[in-house]
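The values are calculated or read from the model by the stated rules, or taken from the named source; none is laboratory data. Just so we're clear, the structure is a prediction, and the values are computed from it rather than from any experiment. Cβ placement follows ideal geometry from the backbone for every residue including glycine, while neighbour counts extend to all protein chains displayed.
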Amino acid sequence: MSPESLAALVALAVEPFGMPEDALRQRLADAGVKDPAPVLRGLIAAGLVRTPGRLCSLTPAGHEALRDAEDALVGAHDPSPTTRGMEECPSVPWLTQVQTHWVEAVSINYAVEPERLARLLPTPLEPEVFHGSAWVQVLMSSLRDMRPQGISPLLGVCFYQVSYRAAVRYRNANGDWRRGGYFVRSETSDPVMRHVGNALKEFKFHEFGEAQMVMAREGDLLTAAVDPEPAFPGGRLVGVFDTRPLPHPPTGSVWKGLEEMHEPLVECYDALGVADGFVYVLTIDREPWNARFVAPVQLYSEYFDDGPLAPGARLDSVLHLTECAYRWRPLRRERHAR
């Protein structure tokens with residue numbers, strides 16, 4: 001459908017009792033349509049507009065065409081569209097479509113060697129490379145009132161979580177590339193949330209460990225610490241961050257600014273898992289991150305300093321985030337290319 005035709009349908013949709021043809025033409029001309037007459041004739045010939053008496057109005061087919069156009073526009077702006085062959089497969093729909101808020105979070109961004117990260121990824125996932133490096137973010141967050149959608153916040157759960165999210169991509173059975181995040185490691189401070197998460201296929205493909213965690217603020221200083229249970233070694237983390245926003249990326253960062261980081265590291269809505277010949281896609285609809293570059297005063301991450309991505313892992317930057325609403329979509333899956 002042409003933009004001119006869509007403009008005419010929208011103009012008529014807001015006039016449920018119809019509008020005179022002259023008024024419609026003038027409205028289209030005011031909207032920048034140079035020659036409204038053939039546009040209107042085409043819509044009438046297609047059965048989308050009727051002209052009883054001297055008034056123009058939408059036919060049922062016109063209303064349907066407008067709804068289809070709206071769906072197409074929404075789909076075009078969907079950061080995680082459903083593609084041909086993709087299917088929904090939620091474990092328990094009412095339970096796994098959850099919502100929560102990030103009260104406060106840090107994203108600690110590491111540049112790593114692509115070859116080392118590739119060893120940690122299941123086929124068909126492969127590292128995305130930006131500025132010559134693969135990327136893993138340590139996302140530590142304070143979550144508030146996590147609960148199934150539609151349930152009162154009073155019944156929600158508040159806890160801490162830390163996830164090590166690698167930027168990855170894969171090619172699906174249609175031959176199209178899809179990007180997302182793969183969690184090479186995750187821990188939560190809540191044992192109940194850990195057991196629930198690991199029991200559901202929405203989360204078990206990046207199994208949660210358990211850890212003692214704290215996020216504490218004193219003025220502008222934010223302290224974040226993770227001490228994993230003995231059964232989940234290798235994830236000790238201690239960081240003190242000055243949360244006053246930096247005017248630009250820190251010295252040594254490869255990024256020119258937040259805008260350049262958006263697509264690679266910030267605008268990432270899909271968590272990916274692989275099992276039984278499928279890639280599972282868990283999509284989060286969220287508000288924009290209120291992210292700012294901040295300075296680490298002190299930082300030790302066992303996973304990068306002494307773990308599977310060392311040596312060669314390099315701290316690039318730290319982002320501080322505040323108050324952001326999250327909502328999970330039903331789990332989907334699709335076949336990957338072989």
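Annotations
- Top-ranked residue of segment 83-100 - restricted to ones that are within 17 Å of the chain's Cα centre (by Cα) and at pLDDT below 90, ranked as nearest to VAL157 (Cα to Cα): VAL98
- Residue within segment 128-145 that is under 19 Å from the mean Cα position of the chain (by Cα), surrounded by 16 or more Cβ atoms within 10 Å (Cβ to Cβ) and over 24 Å from HIS262 (Cα atoms) present: yes
- ARG178 vs. criteria touching a residue at least 40 places away in the same chain (Cβ under 8 Å) and assigned to a helix (DSSP H, G or I): no
- Only residues that are polar (S, T, N, Q), crowded, with 20+ Cβ neighbours inside 10 Å and farther than 19 Å from VAL266 by Cβ were counted across segment 287-319, and they come to 1.
- Taken together, the residues in segment 33-89 that are under 30 Å from ASP270 (Cα atoms), in contact with a strand residue (DSSP E or B) (Cβ under 9 Å, 6 or more places away or on another chain) and of a type outside the set (D, E, K, R) amount to 8.
- Test: residue in segment 192-210 that is farther than 30 Å from PRO124 by Cα and either surrounded by fewer than 21 Cβ atoms within 10 Å (Cβ to Cβ) or among the aliphatic types (A, V, I, L, M) (or both): yes
- Considering residues of segment 275-284 that are in contact with a Phe, Trp or Tyr (Cβ under 7 Å, 6 or more places away or on another chain) and under 22 Å from SER107 (Cα atoms) only, the residue surrounded by the fewest Cβ atoms within 10 Å (Cβ to Cβ): ILE284
- Scanning segment 53-78 for residues that are surrounded by 14 or more Cβ atoms within 10 Å (Cβ to Cβ) and in contact (Cβ under 8 Å) with a residue 24 or more places away in the chain gives LEU55, CYS56, SER57, LEU58, GLY62, HIS63, ALA65, LEU66, ALA69.
- Residue in segment 159-200 that is modelled with the highest pLDDT, counting only those that are out of contact with any strand residue (DSSP E or B) (no Cβ under 7 Å at 6 or more places or on another chain) and among the small types (Gly, Ala, Ser): GLY175
- Selection of first residues in segment 309-320 that are assigned by TED's automatic domain parsing to the domain that holds GLN137 and of second residues that are part of a loop (DSSP other than H, G, I, E, B), restricted to Cβ pairs under 6 Å at least 6 apart or on distinct chains, gives the following pairs, ordered by first then second residue: GLY312/GLU113; ASP316/SER253; SER317/PRO249; SER317/PRO250; SER317/SER253; LEU319/ALA291; HIS320/THR243.
- Verdict on SER163 being within 16 Å of the chain's Cα centre (by Cα) and closer than 28 Å to GLY312 by Cα: yes
- The set of residues in segment 252-301 being more than 14 Å from the chain's Cα centre (by Cα) and within 26 Å of ARG335 (Cβ to Cβ) consists of GLY273, VAL274, ALA275, ASP276, GLY277, PHE278, VAL279, TYR280.
- Filter result for GLY209 (in contact (Cβ under 8 Å) with a residue 12 or more places away in the chain, touching a Pro at 6+ places or on another chain (Cβ under 8 Å), in a strand (DSSP E or B) and farther than 20 Å from VAL103 by Cβ): yes
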